[in-house]
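Heads up, the thing below is written out as structure tokens.
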Amino acid sequence: MGKLAPSILSADILQLRAQVQAVEKNGADLIHIDVMDGSFVPNISFGPMMVRALKKITKLPLDVHLMIQNPQKYLSVFAEAGAEIITVHQEACTHLDRVIAQIKTYGCMAGISLNPATPLSTIMPVLSETDLLLIMSVNPGFGGQQFIPYTLEKIREAADFKHRNKAKYLIEVDGGISVKTAPKAVKAGAEVLVAGNAIFSQESPADACKSLKRVIEQAGGRAV
Ligand code: DX5
Ligand code: ZN
């Protein structure tokens, strides 16, 4: 069954407690936190303080997406702040195998993310060590962008590779997810759907979350 990870990037920061609790009651499975450094991506967002604050107000696992250079310098800080999942970008890591191993030493799930233009083949050697594969379906940096259709092929490829190799990683998709695009991503093989704009930019984030979760459930999943 597909899981839903609302991204607080599009939330109203001054209403964050109410908004996170509203999605928690309406089908959210994880809370997705986008960390941006203004260098790896052309935007600046949250740091470990945000993770620590959210930890106090929700029971949902915190899914931390690091869009930063040199992520290895900050892994322990995010783990201590309360991250359950820490995802780094392939494009930001020279020693990806070492970074994945380091995340696991903190007891967190280790995720790798790929930008739209980065092929799956660049990380195949480490997929057996990976707990989560985050496929970007927009260029990272901003909420509210359009889903890039060619990324569906990478989702299919990741699902095929997983099945063939009896691998364990969860396939997560991030960017431009809505009631229209979510079923396509699920049918291609996505297991966790991140959504910011489609939930928090709507009049009622609670209702939007509930509807999106229903659509994800109805899409079923990929027949392998
Ligand atoms: C984009 C972030 C996303 C973003 C998704 O760089 O990684 O998590 O919040 O936002 P939407 O769902 O609005 O495309
Ligand atoms: Zn993200």
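State all residues of segment 119-148 that are in a loop (DSSP other than H, G, I, E, B) and either more than 14 Å from ligand 1 (Cβ to nearest atom) or touching a strand residue (DSSP E or B) at 6+ places or on another chain (Cβ under 6 Å) (or both); if no residue qualifies, say none. If the condition is that a residue be in a loop (DSSP other than H, G, I, E, B) and either more than 14 Å from ligand 1 (Cβ to nearest atom) or touching a strand residue (DSSP E or B) at 6+ places or on another chain (Cβ under 6 Å) (or both), then 119, 123, 130, 131, 137, 140 are the ones that fit. Residues in segment 142-174 that are farther than 26 Å from residue 104 by Cα and either within 14 Å of the chain's Cα centre (by Cα) or of a type in the set (Gly, Ala, Ser) (or both): 142, 143, 144. Scanning segment 191-214 for residues being buried (at least 17 other Cβ atoms within 10 Å of the Cβ), within 13 Å of ligand 1 (Cβ to nearest atom) and not in a helix (DSSP H, G or I) gives a total of 5. Only one entry of 6, 42 meets the criterion of being within 14 Å of ligand 1 (Cβ to nearest atom), at pLDDT 95 or above and surrounded by fewer than 18 Cβ atoms within 10 Å (Cβ to Cβ), and that entry is 42.
Looking only at segment 59-92, residues that are hydrophobic (A, V, I, L, M, F, W, C), in a helix (DSSP H, G or I) and under 23 Å from residue 119 (Cβ atoms) come to 1 in all.
The values are calculated or read from the model by the stated rules, or taken from the named source; none is laboratory data. Bear in mind the structure is a predicted one, so any value in this text is a computation, not a measurement. Cβ: placed from backbone, ideal geometry, glycine included. Neighbour counts: every protein chain shown.
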